[in-house]
Amino acid sequence: MLSARTAVLHMHEYHPPLAGRTGLRLDFNENTEGCSPLVLARVRNITAEELARYPEREPVEALVAAHLAIPAEQVLLTNGVDEAIHLLCEAHLEPSDEAMVVTPTFSMYEIFAEATGAKVVRVQCGADLQFPFEQVLRSITPATRVIAVASPNNPTGGVASREQLLAIAQGAPDAAVLVDEAYYEFHGTTVLSDVVRHPNLFVARTFSKAYGLAGLRIGILAGPHEQMRMVRRVSSPYSVNAVALAALPVALEDVEFVTGYVAQVKAGRERLERELTQAGLQWWPSQANFVLLRIGERHHGFVAAMRQRGILVRDRSADPGCDGCVRITLGTTAHTDRLLGVLREVLSELKLGAEVKA
Ligand SMILES: Cc1ncc(COP(=O)(O)O)c(C=O)c1O
């Protein structure tokens, strides 16, 4: 009888709650406004000819590389950061190897690493959910081949410093060190220029968050030239579709759209953090477009009450170290106004802040 590989048989299924998402989407860290109107206009103008041809990635890769000020050989456009993670695992992991992740974090690192049969080594953050730099360094072994660090991290919003990330890359010369900068625009700090000097450092970026293009599935993997040649070997030349390739140059050009949106998110983040402090709830400082907070035992009730009032937020209490936690995405100023109004109502109805404080 047909059987999947042993590693696949042992994997957990991952089903993000994508069904029935009607309401204000503060559950997946997407752009709450949509994308740039200029991008939408370009997508509406796609021709039949453009759709009939196989997509040509290289010219857009050259444009993205120029935008990032790195050589084109170091840039691969991918079907979202998800594909970048998949390719790095495919290119580097044997079943006898180890892949390191810092938990709690984005699920896809573990999924793609597990699928290769490699052992996943989880380094858990402490109660402060700060990046556990020393433990990461101590957990590197001769078998470590991939280390994935999201900075800012999801769902905590915390970051690893440039010095820490470079020290990890130096401390694990036989590992592909992936710095996932999916939330870069909300933080503004990057190690992208360091990929030139570090033979094992990779950086991933996405257009799913600040740019509002999650549905198009487009991201970037940047890394050392020699290593990127290996990664290209395991990638499909057609994984980024023609619509995404047509939209990307326009998205990069509309700087105003992204900077305006990011400014609104950052202001909203501060407002939400102030509100949570006033309510006496525990929350973690975030450099991303979301905040993680601890609701406590009634996290299900909280998420349901928010949904009833038309706002979707994400229950993260199953994440390691996140008991009773919920993650709330920030969006436009108008969306933050609405969020804070509903949040006050729900906290008061469920008597939540007081319960946590007591
Ligand atoms: C840290 C992190 N990396 C990557 C992704 C996914 O990016 P993409 O949509 O480009 O696959 C997410 C989405 O939530 C994320 O939180």
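The values are calculated or read from the model by the stated rules, or taken from the named source; none is laboratory data. As the structure is a computational prediction, the values presented were derived from the model and not from experiment. Backbone-built Cβ (ideal geometry, glycine too); neighbour counts: all protein chains shown. For the accessible areas, the whole protein counts, side chains as well, though only heavy atoms, and no ligand, DNA or RNA atoms are used. Shrake-Rupley method; radii C 1.70, N 1.55, O 1.52, S 1.80 Å.
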Item to complete: Filter the trypsin sites (Lys or Arg not before Pro) in segment 36-123 down to the DSSP loop ones having no more than 13 other Cβ atoms within 10 Å, then list what survives.
Response: 53
Item to complete: Run the quick spin-label model on residue 94 and residue 318: label points 7 Å from Cα toward the beta carbon, then report their separation in nm to one decimal.
Response: 3.4
Practice prompt. Enter the accessible area per residue of the chain (Å², integer; probe 1.4 Å; all protein chains in place).
Written response: 44
Worksheet item: Between segment 309-358 and segment 151-212, how many Å separate their Cα centres?
Response: 28
Fill in: Alpha-carbon radius of gyration plus Dmax, which is the widest Cα pair, for segment 82-157 in Å
11.9, 34
Worksheet item: Within segment 129-171, whose backbone N sits under 17 Å from a point 7 Å along Cα→Cβ of residue 12?
Response: 154-156
Worksheet item: Based on the mean of other beta carbon atoms within 10 Å per residue, what is the order of 174-185, 229-240, 107-118, most packed first?
Response: 174-185, 107-118, 229-240
Discussion item. Need the list of aspartates and glutamates near residue 351 for cross-linking: C-alpha distance under 18 angstrom, and skip anything on the same chain fewer than eight residues off.
Written reply: 275, 297
Response to the item:
Heads up, the chain by the C-alpha gyration tensor (a ≥ b ≥ c square roots of eigenvalues; a/c under 1.5 rounded, else a/b over b/c prolate, else oblate) looks oblate
Item to complete: Note down the magnitude of the dipole of segment 26-77 about its Cα centre, charges +1 on Lys and Arg C-beta and -1 on Asp and Glu C-beta and zero elsewhere, to the nearest 20 debye.
Response: 180
Worksheet item: Using a simple charge model, +1 on the beta-carbon of Lys and Arg, -1 on the beta-carbon of Asp and Glu, nothing else, what dipole does segment 162-321 show about its Cα centre, in debye to the nearest 20?
Response: 380
Worksheet item: Got a number for carbon plus sulfur as a percent of segment 220-313's accessible area, 1.4 Å probe?
Response: 51
Practice prompt. For residue 18, tell me the accessible area in Å² from a 1.4 Å probe, rounded to the nearest 10.
Written response: 100
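Using only alpha carbon pairs under 8 Å that are at least six residues apart, calculate the relative contact order of the chain and give it in whole percent. Can you show the working numbers first?
Numbers: 677 pairs, mean separation 80.6, N = 358.
Over the chain, the number comes to 23 percent.
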Worksheet item: What FRET efficiency comes out for the pair residue 162/residue 1, r = Cβ-Cβ distance, R0 = 41 Å, nearest 0.05?
Response: 0.20
Worksheet item: Along the three principal axes, how long is segment 1-146 when you take its alpha carbons, biggest first, rounded to the nearest angstrom?
Response: 51, 47, 39
Worksheet, complete the sentence: So, relative contact order of segment 147-187 in percent, Cα under 8 Å, 6 or more apart, is 56
Item to complete: Provide the gained length on full extension for the span residue 143 to residue 69, in nm with one decimal, where the gain is 0.36 nm per separating residue minus the Cα-Cα distance.
Response: 23.3 nm
Practice prompt. Could you list, by residue number, the cysteines of the chain that have no other cysteine's beta carbon within less than 4.7 Å of their beta carbon?
Written response: 35, 89, 125
Worksheet item: Lys/Arg Cβ at +1, Asp/Glu Cβ at -1, dipole of segment 179-296 taken about the Cα centre: which of 192, 179, 282 is farthest positive-ward?
Response: 179
Worksheet item: Given that compact globular proteins tend to follow 2.2 N^0.38 Å, what is the ratio of the alpha-carbon Rg of segment 200-351 to that value?
Response: 1.28
Item to complete: As a check on your grasp of the helix formula, calculate [θ] at 222 nm for the chain: sum -39500 (n - 2.57) over DSSP H runs of n ≥ 4, divide by the residue count, round to the nearest 500.
Response: -12000 deg cm²/dmol
Fill in: Full-extension gain in nm, residue 309 to residue 197, via 0.36 nm per residue minus C-alpha separation
35.3 nm
Discussion item. Can you give me the solvent accessible area of residue 102 with a 1.4 Å probe, rounded to the nearest 10 Å²?
Written reply: 10
Worksheet item: Roughly how many debye, to the nearest 20, is the charge dipole of the chain about its Cα centre, given +1 on each Lys and Arg Cβ, -1 on each Asp and Glu Cβ, and no other charges?
Response: 680
Response to the item:
A 1.4 Å probe over the protein heavy atoms gives segment 1-131 a carbon and sulfur accessible-area percentage of 57
Fill in: Approximate spin-label separation residue 274-residue 22, in nm, with each point projected 7 Å along Cα-to-Cβ
3.5
Fill in: Positive dipole terminus of the chain, leading residue within 242, 231, 261 (C-beta point charges)
261
Item to complete: Among the aspartates and glutamates, select those whose C-alpha is under 12 Å from the C-alpha of residue 266, and discard any that sit fewer than 8 residues away in the same chain.
Response: 185
